[in-house]
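The values are calculated or read from the model by the stated rules, or taken from the named source; none is laboratory data. Note that the structure is predicted; figures quoted are calculated from it, not measured. Quick reminder, even Gly has a Cβ in these numbers, built from the backbone with ideal geometry, and neighbours come from all protein chains shown. The accessibility values were calculated without ligands, DNA or RNA, using every heavy atom of the protein model including side chains. Shrake-Rupley method; radii C 1.70, N 1.55, O 1.52, S 1.80 Å.
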Amino acid sequence: MDSTISPGGQRDLLPGTVGLGYAPPPDAWDEMLSQADGMRPAWEPVADFLTHMTPEEWNRRWEEGRRTMREHGVTYNIYAESRPGESKWRLDPVPLSLSLDEYTELSEALVQRATLLDLVLRDLLGRQTLLSEGHLPPALVYGHPGYFRPCVDPAFSSRRCLYFYGADLARGPDGQWRVMMDRTEAPSGFGYALENRQIIARVFPELIRSVGTRPLDGFLHDLRETLRTAAPRRSGEGRAVLLTPGRGNEAYFEHAFLARHLGCTLVEAEDLTVRSGRVWLKTLEGLKPVDVILRRTDTAFCDPLELRSDSALGVPGLTNAARLGNVTILNTLGCGVVESPGLMPFLPGLCRHLLGEELKLHSVNTWWCGQTREREEVLARLESMVIKPAFPSDVGEPVFGPMSTPAERRAVAETIRQRPDRFIGQDYITLSTAPTWSQHGLEPRSIMLRMMLCATPDGWKVLPGGMVRVAPAVRDRVVSMQRGGGAKDVWVPGGAEEVEQTVTGVRQMPLTPRRAAGNLPSRAADHLYWFGRYHERAEAVARRLRAAISSFDERVLPFATQTETDVLRGLLSSGSFGAQDEAEESAANLLLRAGLVVFDADHAASLLSTLNRLHRNAESVRERLSNDTWLAAKRLEVVLEQAQKVADRPGLLLPRIDDIIYALQALNGMLNETMSRSLDWRFYDLGRRLERAMQMLDLFAATILRSGGDSQLVLNTLLEICDCAITYRGRYVAEPQLLPVLDLLIADDENPRSLVHQLSRLVNHVETLSDLHGPFLGPDQRLAISAHAAVRTADIEQLAARNAQGMRILLERLVEYTQSHLWDINGAITRRYFSHVAQRGRQVAIGTDGLQEAVF
Amino acid sequence: MKFRVRHRTTYRYGATVMLSHHMLHLTPRTTANQRLLEHRIDISPLPSDPPVRRQDYYGNEAVIFDIDEPHERFEVQATSLVAVEPPVLPVPGATAEWESVRERIAAGDEPAHHLVADFVARIDQPSTVRQLAEYVAPSFVPGRPILEAAFDLACRIKADFVYDPSATTVATPLATVLKQRRGVCQDFAHLMIAGLRVIGLPARYVSGYLMTRPPEGRPRLVGADQSHAWVAVFLPDHGWVDLDPTNAVMVGEEHVTLAWGRNFGDVVPVKGVITGGGEHMLGVEVDVAPVEPPAPPRRRAAQTTVAAARA
């Protein structure tokens, strides 16, 4: 290798291959190339592999990776971006290769550091001897906005505080890794690291195998062990939940990912309630005790009673429940207090005091300005330092001394003198660079490495990998996800037996078989119900539009007869298409307008809005959906996008509408095939049946109940929309007639598309759900049973009969009666099962109205 | 002196509250010169479980409970019998120079330094900091004994500010109070505390009550028959000394201490988080009545009950 790639060399290895063409800057450590010795041994197989790949091969593989990311919906939301919603995860395909020695050394050092930080936390959140004996300056703790006095309790001295720990490491030009930041509040990255690996494993499967890269799956097992053994009581099943701030959080993807892989319920604050000092999960079957909370909400927001009173993301009483020891929160509330670079200079001393050892891994040299001598040092050496807030939640961008102007330095010096204990000075470190894929080949970009640990009964476990964060541009020396950088997978070489282990599976606790978990939170039930409803609504709109378009060849549209135009007007002037003017619109215009309306994002009932909501529902219950179901939901977005492009061309739109219908069917099929027949599925199907019945009734009103509603054209269209044409022809081998059509669509319980069938299913669902609430009939049951009875007992001949004015009064009444019942059923179900969801945001703090963080 | 204190807080809600969580700081502390003889707290509606009582971070007794029953009205009444002795006060002119106190605190030389340091940490809002420092400066001239200077500051606040309950709420920022020169005891206490901390002196917020029994020929003190608040400053070698800037007096045996903390937020007498409820109306009644001698026989320990009854 050395002969072909010299440091800074620009030569390609082979003609026509990507080559390296890689020239790292001389003033930084490069992860792959050493200035003196060329290629670092840990990189040789990777570099060799990459070098021999043609650009086409690269692109093909990387396209596969990108597709996987899209499908998995990997996101990291950047708050500053004006466009709300998802930002795509930026993953670089070139992994970071760590040598085994390097990884082992870092691991041992980080285990020591995690152990130390846990002891520091136990003390600061417990008896506080570090303060009373003068091992730590009080201002470093009392001045920390993440120090929450209600979280302090002597009992914590004997309980573990830190369960998850993340360390941000930077490597300077001397090749030494140093800790830049400790992550203890709610460390993130586990999920992203695992996800990154899943993607890279699809891009370079053979390379991962041949290098013997250590798999990450074992760490999931460790995480499960952490959760399983953290429960405060040995009795019971130890229910664990993952508490997320919600879909709006930048790392929501990771929260859902972890919940799914760890098998714990993903909850938002409103899913939990504290009664009698215990935490409960609000499920459809009532309140279920919660023993372990994997916390991803910052402490400040976790309890409006004792912490920030203006938090809408909190569970009132949670702090008290934790103090009483009735629930284990991972990490313990208040763990953010050691997330401060100001603490770093004290860690070597604390390590000697608490562990009797030397600190194995140094932090970046840091001076806390709250100390006189240290402050003078910082002020004297501003030019070579980075000035940062001592407490991470304090606002203020770092000031990089080497890049600053004298005026900037004077300003920062003045700020430091005013409030010295709020600032630290840190050695400016030129971050190491690592090869990063770009359009122009490999580029050296600055990186930082996050490593992650979890505490198990067997001690701290280190993720055999990590997450590298990459600077957004070549010359950029600052690395941050929020600034829009990217990520990298991290490879650690392992033994063959470890690779074997992933194939055979890791050591597991023996389990006894169990049935339905019964942890469905009411909020999730609400989302599943609407998932079902929007799914069915989208299908109904698509089918109606398809029927309308396909009844005409685009070319004969200008010659449409009055009857044909009437049918079109019926189909396209109600429900999702909105009421159209009574004006005599031409058939062509009607179709054109319908095509545009269904893709109008501002129209609440449009196909586009419906599918957007469907997507939001899917995302909110994502951890309850199988991967394939999720892919089917993502697929829907793709076909929708394609259809949107030809919205104004009915002829071209037709096949795209077909695609949408197939995608919906695939999604439904996937759900039905994979979802266990538990409450999850029931709420989904309940929503579907209710919506389908509503859509059918609406369709009857738009067709049969209009004048000329029993024409051949109408009946054919109706059978088509209801997907019953084949059944009808198979049964009657004749052109459709009103009576048999009504029988098939309304009264035939065998026909899964009939109205009575929807209502039978509806009754079955509400009856089963009612069992959760005891033997008495609820209003939803009453309504469903009477609607079902009305349809079931209707006489088809009478329904078809007309009165003297030519009106089908009985049919009309039946439609209205059933419609009003269905609306009421929706209301009754909402009140009975989702009512607390309606109270969202109704949580109010009293006694402290408007009182925020005190100003002093 | 002995006082019977009755403190009733009533919330009336515009809509039904389905569930509420509460935390009370209504139990008078036992201090060097104050003893709690009898105490009970009545809560309506009845809490779901017996309230949890705990010593909070600052050693105050906090009462925590939830009400798991639909209600439109919430009432809590604390009744206490408290004996207060006159505090031992140093001679203000003989106390340490204020700068020496600041130096000792900054150097961390106090034996219980870490407990005191909590009451100097963190001052935000640079503009207010400057205004506060300017306001405090005339009292804290170089070399002045700390208690003399602090008492002078309390007197100046009393002179410069108008007691006006309509001017502020619990959320009014200090900058506004400084500007409009109006407020209530809580604002004056916060103002003085912030002023002391700005110049590096520890100060804490004390919540309590004030008995007013206007003696012949002397004006009635403001602050009676409601919750009161004042300030304590730290004197090395002595401890905390309480001053009342609302009335420009040293705190004596007519002040009943409930709880202390860094500010009002640490010792809110009655707070909660309710689910539902709509608009709410708050009513507070406080009675501080001296118990005339002959006093009942002295008890060895405070007899405390937290009882609850339906209204």
Yes or no: B:Gly14 closer than 24 Å to B:His255 by Cα, surrounded by fewer than 17 Cβ atoms within 10 Å (Cβ to Cβ) and within 13 Å of chain A (Cβ to nearest Cβ)?
-> no
Residue check: is B:Arg54 free of Cβ contacts under 8 Å to residues at least 12 places away in the same chain and either crowded, with 20+ Cβ neighbours inside 10 Å or of a type outside the set (Ser, Thr, Tyr) (or both)?
-> yes
Would you say A:Leu305 is farther than 23 Å from A:Gly246 by Cβ, of a type in the set (A, V, I, L, M, F, W, C) and either in a helix (DSSP H, G or I) or in contact with a strand residue (DSSP E or B) (Cβ under 8 Å, 6 or more places away or on another chain) (or both)?
-> no
Positions within the range B:64-79 being within 11 Å of another protein chain (Cβ to nearest Cβ) and of a type in the set (Val, Ile, Thr), in sequence order = B:Ile64, B:Ile67, B:Val76
Search the range B:266-285 for residues that are open to solvent by less than 20 Å² (accessible area, probe 1.4 Å) and pair each with any residue that is part of a loop (DSSP other than H, G, I, E, B) and β-branched (Val, Ile, Thr) when their beta-carbon atoms are under 9 Å apart and the residues are at least 6 apart or on different chains.
-> B:Val268/A:Thr848; B:Val268/B:Val170; B:Gly272/A:Thr848
Close pairs from the range A:384-406: first closer than 12 Å to A:Met181 by Cβ and at pLDDT below 90, partner of a type in the set (Val, Ile, Thr) and outside any strand (DSSP E or B), Cβ under 9 Å, at least 6 apart = A:Pro398/A:Val478
Pair list, Cβ < 8 Å and 6+ apart or interchain, from the range A:600-620 residues that are over 13 Å from A:Arg537 (Cα atoms) to residues that are not in a helix (DSSP H, G or I) | A:Asp600/A:Ser606; A:His603/A:Gly578; A:Arg616/A:Arg247; A:Ala618/A:Leu625; A:Glu619/A:Gly73; A:Glu619/A:Arg247; A:Ser620/A:Arg247
Evaluation of A:Arg417 against (1) basic (Lys, Arg); (2) out of contact with any Lys or Arg (no Cβ under 9 Å at 6 or more places or on another chain); (3) surrounded by fewer than 18 Cβ atoms within 10 Å (Cβ to Cβ) (one fails), failing number = (2)
Among A:Leu258, A:Leu318, which is within 16 Å of the chain's Cα centre (by Cα) and open to solvent by less than 10 Å² (accessible area, probe 1.4 Å)?
-> A:Leu258
Taking the range A:709-721 and keeping residues open to solvent by 10 Å² or more (accessible area, probe 1.4 Å) and within 21 Å of A:Ala538 (Cβ to Cβ) leaves A:Thr717, A:Glu720, A:Ile721
May I ask you to list pairs of residues, at least six apart or on different chains, whose Cβ atoms are under 7 Å apart, with the first in the range A:107-120 being β-branched (Val, Ile, Thr) and the second being modelled with pLDDT under 95?
-> A:Val120/A:Leu130
Of the residues A:Phe559, A:Phe577, which single one is more than 21 Å from A:Tyr684 (Cβ to Cβ), open to solvent by less than 60 Å² (accessible area, probe 1.4 Å) and not aliphatic (A, V, I, L, M)?
-> A:Phe577
Scanning the range A:109-160 residue by residue, the ones that are more than 9 Å from every other protein chain (Cβ to nearest Cβ), within 28 Å of A:Met452 (Cβ to Cβ) and open to solvent by 30 Å² or more (accessible area, probe 1.4 Å) total 10
Please work out which one of (1) open to solvent by 50 Å² or more (accessible area, probe 1.4 Å); (2) over 30 Å from B:Val116 (Cα atoms) is the condition B:His71 fails and give its number.
-> (1)
Helices (runs of 4 or more DSSP H) contained entirely in the range B:106-197, each with at least 2 residues that are within 14 Å of chain A (Cβ to nearest Cβ), of a type in the set (Gly, Ala, Ser) and open to solvent by 30 Å² or more (accessible area, probe 1.4 Å) | B:126-136
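Considering only residues that are more than 16 Å from A:Gly669 (Cα to Cα) and either open to solvent by 10 Å² or more (accessible area, probe 1.4 Å) or among the charged types (D, E, K, R) (or both), which ones fall in the range A:527-536?
A:His527, A:Trp530
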Identify, from the list A:Val503, A:Val474, A:Val492, the residue that is surrounded by 15 or more Cβ atoms within 10 Å (Cβ to Cβ) and at pLDDT below 95.
-> A:Val492
Could you pull out every one of the strands (runs of 3 or more DSSP E) wholly within the range A:411-474 that has 1 or more residues that are under 30 Å from A:Thr51 (Cβ atoms) and either in contact (Cβ under 8 Å) with a residue 24 or more places away in the chain or of a type in the set (A, V, I, L, M) (or both)?
-> A:433-438, A:441-456, A:467-470
Hits in the range A:270-315 - residues which are surrounded by 19 or more Cβ atoms within 10 Å (Cβ to Cβ), hydrophobic (A, V, I, L, M, F, W, C) and either at positive phi or within 14 Å of chain B (Cβ to nearest Cβ) (or both) | A:Leu272, A:Val274, A:Val279, A:Trp280, A:Ala300, A:Cys302, A:Leu305, A:Leu307, A:Leu313, A:Val315
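Among residues belonging to the range B:162-190 that are in contact with a strand residue (DSSP E or B) (Cβ under 6 Å, 6 or more places away or on another chain) and not hydroxyl-bearing (Ser, Thr, Tyr), point out the one that is nearest to B:Leu201 (Cα to Cα).
Filtering first and then ranking leaves B:Ala189.
Could you go through the range A:232-248 and let me know if any residue there is touching a His at 6+ places or on another chain (Cβ under 7 Å) and either outside any helix (DSSP H, G or I) or open to solvent by less than 10 Å² (accessible area, probe 1.4 Å) (or both).
The answer is yes, given that some residue of the range A:232-248 is touching a His at 6+ places or on another chain (Cβ under 7 Å) and either outside any helix (DSSP H, G or I) or open to solvent by less than 10 Å² (accessible area, probe 1.4 Å) (or both).
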In the range A:275-302, which residues are without any contact (Cβ under 8 Å) to a residue 60 or more places away in the chain and not β-branched (Val, Ile, Thr)?
-> A:Arg275, A:Ser276, A:Gly277, A:Arg278, A:Trp280, A:Leu287, A:Pro289, A:Phe301, A:Cys302
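Tally time: how many residues in the range A:111-146 are within 27 Å of A:Lys360 (Cβ to Cβ) and either modelled with pLDDT of 95 or more or small (Gly, Ala, Ser) (or both)?
18
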Given the structure, is A:Ser210 free of Cβ contacts under 8 Å to residues at least 40 places away in the same chain and either among the small types (Gly, Ala, Ser) or part of a helix (DSSP H, G or I) (or both)?
-> no
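Being over 23 Å from B:Val291 (Cα atoms), of a type in the set (D, E, K, R) and modelled with pLDDT of 95 or more: is that true of B:Asp266 here?
Details: over 23 Å from B:Val291 (Cα atoms): yes; of a type in the set (D, E, K, R): yes; modelled with pLDDT of 95 or more: no.
So B:Asp266 fails the test.
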Picking from A:Gly342, A:Gly370, which residue would you name as being part of a helix (DSSP H, G or I) and within 14 Å of chain B (Cβ to nearest Cβ)?
-> A:Gly342
Out of (1) out of contact with any helix residue (DSSP H, G or I) (no Cβ under 9 Å at 6 or more places or on another chain); (2) more than 9 Å from chain A (Cβ to nearest Cβ); (3) free of Cβ contacts under 8 Å to residues at least 24 places away in the same chain, the one B:Ser48 does not meet is (2)
